[in-house]
Each structure stands twice: as structure tokens, then as C-alpha cells.
Amino acid sequence: MPLTALDIYKVLPKTNCGECGVPTCLAFAMQLATKKAAIDACPYATDDTKATLAGAAAPPIRLVSIGPEAQCIVMGNETVLFRHEETFYHPTAIAVRVRTDRSPEELRAAFERVAAMVFDRVGQFVRVEMVALEDADGDPGRFAAAAALADEMGLALMLMSGSPAVLETALTGIRGHRPLLYAATADTWEAMAGLAKASACPLVVQGRDLAELVDLTRRIAGLGVTDLVLDSGARGLQATLGDLTQIRRLSLRRQFRPLGYPAMAFVTAADPIDQVTEATAYICKYAGLVVTDGLEDWQALAMVTARQNIYTDPQKPIQIEPGVRAVGSPDASSPVLITTNFSLTYFTVEADTEASHSPAWILIVDTEGQSVLTAWAADKFTAETIAKALAESDLAERVDHRRAVIPGGVATISGKLEELSGWDIMVGPRESAGMSVFMRTRWRQPEVAAGS
Ligand code: SF4
């Protein structure tokens, strides 16, 4: 539970000297409780007091990073149960499980497949980040060679073995790259914690249930190992989702420290579509890491797309740079299309324009990431803002005509825009799916269309 002002007051010096900037220790305690002041402002606070208050101020879910510093995967530090309350900050990492009972060539092929799972979606590169390398036979040499190969290929790793000795051998060559170690159990927790501490690697703690998990994290944190990831031991959608939800609730609502770490989940469904559904459920609630067996590209794309949607800040829509972009190889006679800088809008217009086989210039107006009608309603996609964007662009030099196309949804501004910009304004389709027909029947034959 968070400390109250009274709890904090009890550990302050109670001399009411006023050097912290407020007249009494109680007033200072109230400021600390509401996070309007820091304990450093009191010169008489002891180290014990500082340690007590710092512990209380720690984030309810610890931030844990995996992989080399330059490209580490970060999980945890979430602050809300529901995305609409604020936002989710650190996207769920997705790992593909690869067992070591394969030939070196097969392992390399499996790693290459994971490394290639990168997708360009609405202007952002989204990918599958990790390999969960599972020790199939307890052979330290084979496991270490496979880990070294994946590491060499730049993949972040979760190293899975029941044997601390096998993990220790694998760490010899790659410990600086901070793989995630899996897992400390009731039988191995001391040895695994020792290994995590010596190698400065994050560690998964696996309980048979939540009660055992709490017991283990307390013990392991007591040894000074605090970069932990939780595996409640649950398998299957219903049980796993239940535990993930309990862990998130207890860590956020009760600030229950033994569960204040990011949690992970394993996909267990056999059917490929069910696998995507299960992984997506864990991405939504509340896994920091999802491990799945062999993954097809379509499954990976569905998972990273769901993740991108869930982890996009609803108050900051994905935007692209305003300005002029070319679709195909436009020339001086090509159409000028106008749209907003909301990524989903822009990339839909771009794709539909490409599909129309008509090279075009697209003028992207800065609407702070809002779609056409939202921006129009908010006075960000108006005759004035579009005329200004047209004037500030170099389109007048790029084309030898003065015709521009606005979305059909804002047809009402066409007259005023013509006045302000000096361009002939054509009203395009309401949905960009109508772009092919528009290009064929309106842009190429404006006179026919005007007379029709
Ligand atoms: Fe109390 Fe410290 Fe503030 Fe003095 S400086 S009033 S001791 S909290």
C-alpha cells in the first residue's frame, strides 16, 4: 500500500525547523505523500528514512530490460489496468520458442526466420523480437553453441533450461548481452538467483501457483536479485489470463511488491488461428512477454499489429511528417491529392492511389494526427490550413497545372479553398477506395465529368 502522510511523518525528524521550505514536518509529509516534494529537501532525513521512502516511491511494476543496452527490450513499469485510463507504455515482447534438438543448419534457418519477421505498418517497423531457446537434452555444449549462434545473429534471447550449469555454460560467451534466464523454481531458485546476480542478467521466476510465486520472489529479491519476470505456472488461456490479471491488479491496486514485476505467458493452443487469439489476449492483458512455438508470417503480423494498436497512446495518434510525398513516379501533369497526417488515413490513401496505377503527388497537411472529418471538425483541416500548406509546399514548381483533389468528406470547403489558394479544387471520393474510379472518370476527363 502507498504510504500516507501520517506514515511518512512518523519517520521524519519532527523538529519543525522549516528548512525544507514548509513550516512543519507534517506539512512536508503531506507534500511527499502527494509527490509535490522530494525527501532530499529535508537535510536531516537519515539514510534509513530515505531508504524507506524510496522503497515506497518505487514504481509498482519494476522496469526490466533484456538484451544489449543499445537495443534492449524493456518491459514493466506500467501504471494502469486499462489503456483508456492513460496508456500502456512498454509493448509486450514476442518470442518464438526454438528447441536445441536440431542440426546447426536447421537452427540457423529458424533464427533467420525470426530475424526476418519485421513489418512496415503505417510507417512504423514492428517485429518479433526474441528467441526463447529451449534446452532439449541437457547438453551444455550444444545449448551454448545454439545460444552463441542466435546472439551472433543479433537476436535477443531467453535461455530456457532446468539446469543452472547449462545456463552458466551458455552465458560464457554472451553474458554482456543480458539474455533472460528461465527459470528459477522452488528447486533451483538459489542457484538460479546466484547465476543471475553474477551475470547481471534478468531472471524468470516460475511458481506452481501464485502463492509459490510470491514466496519465491520474496526469497530471490532478498538475495539482491530484483530484475525479475514472473511465470505463474498457469498454462491455457483461462488460467493464464486469470493469473496475469491478478498479478496486475495486486501490483497496481495494492502495490504488492512480491508481484511488482512484469509477467510472461506461453501460448499453448494447437490451432494456428487459436494461437493468434491466445497471444493477442495476453498482449491485451497483461503480459510483458509472450512465448509462442513456431510462427508463420501471417501469425506474426496479426500479433504485432494487435500489439501496435494496444500500445499506441490513444491521446497521441500515430502521425507522419507533413509535406509532399510521391506515389509511383509522378511528373508535372500528375494529380495533386490532399489528405491529413494521421498515419492510418495517409497510408490508406497511398495504398488506394497505388492500386489505381496513377502516379500522384500527395500533400499531407499537419492536422496533429487527426483523420479527415475529426480534423475538419476541430478546425485543423480547413480551407485556411490547406491553402497555407499548399502555399508553403513546392507543388507549384512540381506540376504544370493548378488542380488539387480534396477528400469527399470535406466537399463544403472547396469553394473557399479555391478562393484562398488560387487552385482549382476537385472533390474526390468520400472513401479512398473510390480512387481508381475517380482517377479514371474524373481526373483524366474533368471536362466530361464537369458536363455530366
Ligand atoms: Fe521537518 Fe526536515 Fe522539514 Fe525540518 S527540514 S521541517 S526536519 S521535514
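The values are calculated or read from the model by the stated rules, or taken from the named source; none is laboratory data. Remember, predicted model here, so these are calculated numbers, not experimental data. Cβ: placed from backbone, ideal geometry, glycine included. Neighbour counts: every protein chain shown. Please note that ligands, DNA and RNA were not included when accessible areas were found on the heavy atoms of the full protein model with its side chains. Shrake-Rupley method; radii C 1.70, N 1.55, O 1.52, S 1.80 Å.
Contour minus end-to-end for Glu321 and Arg175, with contour as 0.36 nm per residue of separation and end-to-end as the Cα-Cα distance?
Computed gain between Glu321 and Arg175 is 48.6 nm.
What length, rounded to one decimal in nm, is gained on full extension from Leu26 through to Tyr44, with 0.36 nm per residue of separation minus their alpha-carbon distance?
This chain segment gains 5.0 nm when fully extended.
How much length is gained on full extension from Glu419 to Ala351, taking 0.36 nm per residue of separation minus their Cα-Cα distance?
The Glu419-Ala351 span can extend by a further 21.4 nm.
Debye sum, Cα scatterers, the stretch 152-192, no solvent: what log₁₀ I/I(0) at q = 0.26 1/Å?
Taking Cα atoms of the stretch 152-192 as identical point scatterers yields -0.91.
Highest mean first, what order results for 41-48, 343-350, 225-232, 214-221 on Cβ atoms within 10 Å?
Descending mean neighbour count gives 225-232, 343-350, 214-221, 41-48.
Cβ neighbours within 10 Å, averaged per peptide: list 238-246, 87-95, 312-320 in order, most packed at the top.
Per-residue mean Cβ counts within 10 Å order the peptides as 87-95, 238-246, 312-320.
What is the Å³ per residue value for the convex hull set by the Cα atoms of the chain?
196
For the stretch 323-451, give the percent of accessible area contributed by carbon and sulfur heavy atoms, probe 1.4 Å, rounded to a whole number.
Using a 1.4 Å probe with all protein chains present, the stretch 323-451 comes out at 51 percent carbon and sulfur.
By its C-alpha gyration tensor, with a ≥ b ≥ c as the square roots of the eigenvalues, how is the stretch 323-451 shaped: rounded for a/c under 1.5, else prolate for a/b larger than b/c, else oblate?
Since a/c stays below 1.5, the shape of the stretch 323-451 is classed as rounded.
Using only Cα atoms, what is the ratio of the radius of gyration of the stretch 85-206 to 2.2 N^0.38 Å?
Scaled against compact globular proteins, the figure is 1.12.
Ignoring everything except DSSP H segments at least 4 long, calculate the 222 nm mean residue ellipticity for the chain; use -39,500 (n - 2.57) per segment, divide by total residues, nearest 500.
-12000 deg cm²/dmol
Any idea what % of Cα-Cα pairs in the stretch 64-310 are farther than 30 Å?
Value for the stretch 64-310: 20 percent of Cα pairs lie more than 30 Å apart.
Rank-order 322-329, 160-167 by packing density, defined as the average count of other C-beta atoms within 10 Å over each peptide's residues, highest first.
Packing proxy ranking, top to bottom: 160-167, 322-329.
Roughly speaking, to the nearest percent, how much of the stretch 64-310's 1.4 Å accessible area is carbon and sulfur?
Of the solvent-accessible surface of the stretch 64-310, carbon and sulfur hold 52 percent.
How big is the dipole moment of the stretch 64-310 about its Cα centre under a simple scheme where the beta carbon of each Lys and Arg is +1, that of each Asp and Glu is -1, and everything else is neutral? Debye, nearest 20, please.
Roughly 840 debye for the stretch 64-310.
Could you do me a favour and compute the accessible area per residue for the stretch 323-451, 1.4 Å probe, result in Å²?
With all protein chains present, the stretch 323-451 gives 47 Å² per residue.
Report the one residue of Leu250, Val131, Ala265 whose Cα lies farthest in the direction of the positive end of the charge dipole of the chain (charges on C-beta: Lys and Arg +1, Asp and Glu -1; origin at the Cα centre).
The one lying farthest along the dipole's positive direction is Leu250.
Run the simple label-point estimate for Asp137 and Glu190 please: 7 Å along Cα→C-beta, distance reported in nm.
Result: 3.2 nm between the two label points.
Can you tell me the relative contact order of the stretch 5-57? Whole percent, Cα pairs under 8 Å, sequence separation 6 or more.
In percent, rounded to a whole number, it is 33.
Whole percent per 10 Å bin, from 0 to the bin with the longest distance: what is P(r) over all C-alpha pairs of the stretch 1-98?
14, 34, 22, 20, 9, 2, 0
So how tilted is helix 343-355 from the main axis of the chain? Cα-based, degrees 0 to 90, rounded to 10.
50
Cα axis of helix 104-115 to longest principal axis of the chain: angle in degrees, 0 to 90, nearest 10?
60
Taking the Cα centre of the chain as origin and charging only Cβ (+1 Lys, Arg; -1 Asp, Glu), how large is the dipole, in debye to the nearest 20?
With only Lys, Arg, Asp and Glu charged at Cβ, the dipole is about 1200 debye.
Could you tell me the relative contact order of the stretch 80-192? Use alpha-carbon pairs under 8 Å, at least six residues apart, and round to a whole percent.
Result for the stretch 80-192 is 22 percent.
Report relative contact order for the chain in percent, whole number only (criteria: Cα-Cα under 8 Å, sequence separation at least 6).
11 percent.
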